[in-house]
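See below for the structure under consideration.
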Amino acid sequence: MLKEALKKFWGYDGFRPLQEEAMRTVLERRDSVVILPTGGGKSLCYQVPSICLPGLAVVVSPLISLMKDQVDALRACGVPAAYINSSQSPEERRAVSRSIEQGQLKLLYIAPERLVQPKTLEYLVRSHVSLFAIDEAHCISEWGHDFRPEYRELSLLKRQFPQLGVHAFTATATPRVREDIAVQLGLADPVRLVGSFDRPNLIYRVERRDRLVEQIRKVLDQHKQETGIIYCLTRRDGDTLHLTLSGLGYRTLPYHAGLSDEERHRNQDAFVGDRVDTIIATVAFGMGIDKSNVRYVVHAGMPKSLENYQQESGRAGRDGLEADCLLLYSAGDVATWKQRWGRDETPPPDGALESLDAMSAYCVGAVCRHKALTRYFGQELAGDSCGACDLCLGQVDTVPDSLIIAQKILSSVVRQQERYGGDYTALVLRGSQDQRIMQNGHERLSTYGLLAQESQRTVRDWIEQLAGQGYLRKVGEYNVLEVTPLGRQVLRGQATPRLLKPADIDEKRTKTGFSKASSSAKASVAAESWEGVDRPLFDALRQLRRKLADDMGVPAYIVFSDASLRDMARQRPQTLDEFRKIRGVGDRKTEDFGEQFIELIAESTGN
Ligand code: ADP
Ligand code: ZN
């Protein structure tokens, strides 16, 4: 039944990981907490069963813009859905009520603050509700990164509707947040489904920021006429970059809190409607945008935590096709964040400094990016090489004598009796005259000055890299370094760590690195998705999609995803039956769009 609905309305042949389990839980009316990465297909987990169950599914969603997109997308697939929010006129809202009363709707999107109003609740008690789905459920937890007090009231759902299943969905949740969601909602023995946090179709790359504009242009040039986002740390950086890039002929628009509401909306709409290629934004951008064909996300500066990075970079490649995520950082970014906290005269929020540390360790780290990110969220990825990050693709230069350097560092830690942190250890290795070193008599250690020719920054980064790969452990409040059993193997020459070449002395790499880099990354992740695709036809199909979307006043991806267009440009369907078999084409879209696309495909085949 689930499978039939998936095919009929969405045109998909199979489930993504955990989708089927999540849907069955909904059918069984058991409560659930479902954690799936962005693009993992959370919405379908409640949308598909809502079609199979009698009655109306109520979806709690925090953002008005998101509601409209979701409802437009559902309607385009032939699913009767609506939303109720403050952007509507009273008449529009009454029309929605009427269609609920007539039992015509399958899904209703609503904001939490409206849902918990006594009037709404009374109304829902009288209507035939099938289930409650809570989108962005981490908003209920104070431990999450986006706490919204109005979510707290949702605990009354279980009290008022004890017989109905309440289902919480989110992409970002540490184990603590996950448990908190279940507790705050008062879920009864919920089924917990936690997907992999890995996004295998994202190609992660980290570079030191030394020629910002050039580094960014390389990404833009590889994604001509494709859309993406560039995140900047400050408005000023964003404005400067926008002026520079648009001056060079790139189609960019800014988005930040300094613009008027109207201008922000206009720029966001242009992005969603594919009328601009690149949005240059501060962190405010992206929440509530469901655009599935974002092909790159560049960070012009280091975000303040890996949660933020995961979420922002995660806006790329929701359609499951490959996308580039480039993070440009400099050592100064850490200081920028600390200054910001200092300037507002508020101490950094709880745990903020630890988050910042983890973020900068990721930047200088030598662990596969996919592994490092999933590990941060408590999951270990199997396999040696992800084939989709700068490190695994061999695009980052390592120092040839990694083993010897690592042995010098580890043996210094041992000789310092494992009682000091990373900064101090680096000072000893560099032969510093620091007073503390003299007081401790550490200038007499045999490791003193062994790395005197390297910069403090470089040695410090190497220490982080050794910790990241499990050769050193940081202990206690002061992050005292200890050598792990794995580290002892290095001392005996039985294991070789990977240490990165410092970027500042490596001119060659930064000049040529990215283009070389990207083409080979593309080869591994993208080959499959572009296999057999007729590029000119794909571009023609894209134009038709844009025209149809503009006529309907919806974003292009609501007509068809990039994945569907690629499949069309691969299969070249000639009849409606063949068209119906294209990925992401259900009954309704075949009826609404089939003939126009088939005609275009026939034309292009004819010449
Ligand atoms: P999330 O909310 O988890 O970020 P979405 O529900 O927006 O993800 O789904 C992301 C994209 O993947 C959408 O374009 C959706 O249609 C598509 N999708 C979801 N499930 C499947 C599936 N089983 N097969 C193919 N595509 C899917
Ligand atoms: Zn990797």
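The values are calculated or read from the model by the stated rules, or taken from the named source; none is laboratory data. All of these numbers come straight from a predicted model, not from anything done at the bench. Please note: Cβ atoms are built from the backbone with ideal geometry, for glycine as well, and neighbour counts cover all protein chains shown. For the accessible areas, the whole protein counts, side chains as well, though only heavy atoms, and no ligand, DNA or RNA atoms are used. Shrake-Rupley method; radii C 1.70, N 1.55, O 1.52, S 1.80 Å.
Against the numbered list (1) open to solvent by 10 Å² or more (accessible area, probe 1.4 Å); (2) outside any loop (DSSP other than H, G, I, E, B); (3) more than 10 Å from ligand 2 (Cβ to nearest atom); (4) over 23 Å from Gln494 (Cα atoms), Leu356 comes up short only at (1).
Criterion applied to Gly441, Gly394 was being touching a Ser or Thr at 6+ places or on another chain (Cβ under 9 Å), over 24 Å from Glu354 (Cα atoms) and either within 16 Å of ligand 1 (Cβ to nearest atom) or not β-branched (Val, Ile, Thr) (or both), and the one residue passing it is Gly394. Of the listed requirements (1) away from ligand 2 (no atom under 16 Å from the Cβ); (2) in contact with a Cys (Cβ under 9 Å, 6 or more places away or on another chain), Gly421 misses just one: (2). Considering each of Thr398, Thr374 in turn, give the residue that is open to solvent by 30 Å² or more (accessible area, probe 1.4 Å), within 16 Å of ligand 2 (Cβ to nearest atom) and among the polar types (S, T, N, Q). On inspection, the qualifying residue turns out to be Thr398. Looking for whichever is open to solvent by 20 Å² or more (accessible area, probe 1.4 Å), in contact (Cβ under 8 Å) with a residue 12 or more places away in the chain and among the acidic types (Asp, Glu) here; the options are Glu122, Glu150, Glu92. Which one fits? Exactly one residue qualifies, and that residue is Glu150.
Could you say whether any residue in segment 55-68 is open to solvent by 30 Å² or more (accessible area, probe 1.4 Å) and within 11 Å of ligand 1 (Cβ to nearest atom)? No: segment 55-68 contains no residue that is open to solvent by 30 Å² or more (accessible area, probe 1.4 Å) and within 11 Å of ligand 1 (Cβ to nearest atom). Here the condition is being farther than 24 Å from Gly273 by Cβ, among the charged types (D, E, K, R) and away from ligand 2 (no atom under 16 Å from the Cβ); of Glu101, Glu92, it holds for Glu101 alone. Any residue in segment 29-50 that is outside any strand (DSSP E or B), away from ligand 2 (no atom under 16 Å from the Cβ) and either of a type in the set (Asp, Glu) or free of Cβ contacts under 8 Å to residues at least 24 places away in the same chain (or both)? Scanning segment 29-50 turns up at least one residue that is outside any strand (DSSP E or B), away from ligand 2 (no atom under 16 Å from the Cβ) and either of a type in the set (Asp, Glu) or free of Cβ contacts under 8 Å to residues at least 24 places away in the same chain (or both). Taking the criterion of being away from ligand 2 (no atom under 16 Å from the Cβ) and surrounded by 14 or more Cβ atoms within 10 Å (Cβ to Cβ), no residue of segment 378-395 qualifies. Residue check: Phe197 meets all listed conditions (1) in a loop (DSSP other than H, G, I, E, B); (2) surrounded by fewer than 21 Cβ atoms within 10 Å (Cβ to Cβ) but one, namely (2). Counting only residues that are among the polar types (S, T, N, Q) and in a loop (DSSP other than H, G, I, E, B), which one in segment 359-391 is nearest to ligand 1 (Cβ to nearest atom)? Among residues in segment 359-391 that are among the polar types (S, T, N, Q) and in a loop (DSSP other than H, G, I, E, B), the one nearest to ligand 1 (Cβ to nearest atom) is Gln379.
Going by what's in this entry, would Gln435 be described as of a type outside the set (A, V, I, L, M, F, W, C), buried (at least 19 other Cβ atoms within 10 Å of the Cβ), more than 16 Å from ligand 2 (Cβ to nearest atom) and at negative phi? Full working, then the answer.
On the way: of a type outside the set (A, V, I, L, M, F, W, C): yes; buried (at least 19 other Cβ atoms within 10 Å of the Cβ): no; more than 16 Å from ligand 2 (Cβ to nearest atom): yes; at negative phi: yes.
Against the criterion (of a type outside the set (A, V, I, L, M, F, W, C), buried (at least 19 other Cβ atoms within 10 Å of the Cβ), more than 16 Å from ligand 2 (Cβ to nearest atom) and at negative phi), Gln435 does not qualify.
Remark: pairs (first residue in segment 201-228, closer than 30 Å to Gln543 by Cα and open to solvent by less than 70 Å² (accessible area, probe 1.4 Å); second residue of a type in the set (Asp, Glu) and within 16 Å of ligand 1 (Cβ to nearest atom); Cβ separation under 7 Å; 6+ apart in sequence or on different chains) = Asn201/Glu322; Ile203/Glu322; Thr227/Asp274. In the set Asp592, Asp539, Asp587, Asp551, which member is away from ligand 2 (no atom under 16 Å from the Cβ), modelled with pLDDT under 95, open to solvent by less than 80 Å² (accessible area, probe 1.4 Å) and not β-branched (Val, Ile, Thr)? Selected residue: Asp539, the only one of Asp592, Asp539, Asp587, Asp551 that is away from ligand 2 (no atom under 16 Å from the Cβ), modelled with pLDDT under 95, open to solvent by less than 80 Å² (accessible area, probe 1.4 Å) and not β-branched (Val, Ile, Thr). When Tyr471, Tyr478, Tyr424 are checked against the criterion of being in contact (Cβ under 8 Å) with a residue 12 or more places away in the chain, open to solvent by 70 Å² or more (accessible area, probe 1.4 Å) and not β-branched (Val, Ile, Thr), a single residue qualifies: Tyr478. When Arg217, Arg199, Arg295 are screened for being in contact with a Pro (Cβ under 7 Å, 6 or more places away or on another chain) and at pLDDT 90 or above, only Arg199 passes.
Within the set Ala563, Ala540, the sole residue that is out of contact with any helix residue (DSSP H, G or I) (no Cβ under 7 Å at 6 or more places or on another chain), more than 18 Å from Gly78 (Cβ to Cβ) and assigned to a helix (DSSP H, G or I) turns out to be Ala563.
Are there strands (runs of 3 or more DSSP E) fully within segment 272-331 with at least 2 residues that are farther than 12 Å from Ile230 by Cα? List them. It would help to see each step written out before you state the result.
Numbers: elements: 278-281, 294-299, 323-329.
Result: 323-329.
Note on segment 396-456: enclosed helices (runs of 4 or more DSSP H) holding 2 or more residues that are within 40 Å of the chain's Cα centre (by Cα) are 402-415, 422-429. For segment 394-406, a residue qualifies if it is at pLDDT 90 or above and either within 20 Å of Asn201 (Cβ to Cβ) or in contact with a helix residue (DSSP H, G or I) (Cβ under 6 Å, 6 or more places away or on another chain) (or both), and exactly one does: Ala406.
Residues being more than 22 Å from Leu44 (Cα to Cα) and under 25 Å from the mean Cα position of the chain (by Cα): count how many of those fall in segment 113-150. Summing the residues that are more than 22 Å from Leu44 (Cα to Cα) and under 25 Å from the mean Cα position of the chain (by Cα) in segment 113-150 gives 10.
Note on segment 160-180: residues that are away from ligand 1 (no atom under 16 Å from the Cβ) and open to solvent by less than 30 Å² (accessible area, probe 1.4 Å) amount to 6. Against the test of being part of a helix (DSSP H, G or I), open to solvent by 50 Å² or more (accessible area, probe 1.4 Å) and farther than 23 Å from Ser61 by Cβ, the options Thr240, Thr336 yield a single qualifying residue, Thr240.
If a residue has to be among the charged types (D, E, K, R) and either open to solvent by less than 30 Å² (accessible area, probe 1.4 Å) or in a loop (DSSP other than H, G, I, E, B) (or both) to count, how many in segment 566-580 make the cut? Quick ask: steps written out before the conclusion?
The first filter runs over segment 566-580 and keeps only residues among the charged types (D, E, K, R), leaving 566-567, 570, 572, 577-578, 580.
With either open to solvent by less than 30 Å² (accessible area, probe 1.4 Å) or in a loop (DSSP other than H, G, I, E, B) (or both) added as a condition, the list becomes 566-567, 572.
Within segment 566-580, residues that are among the charged types (D, E, K, R) and either open to solvent by less than 30 Å² (accessible area, probe 1.4 Å) or in a loop (DSSP other than H, G, I, E, B) (or both) number 3.
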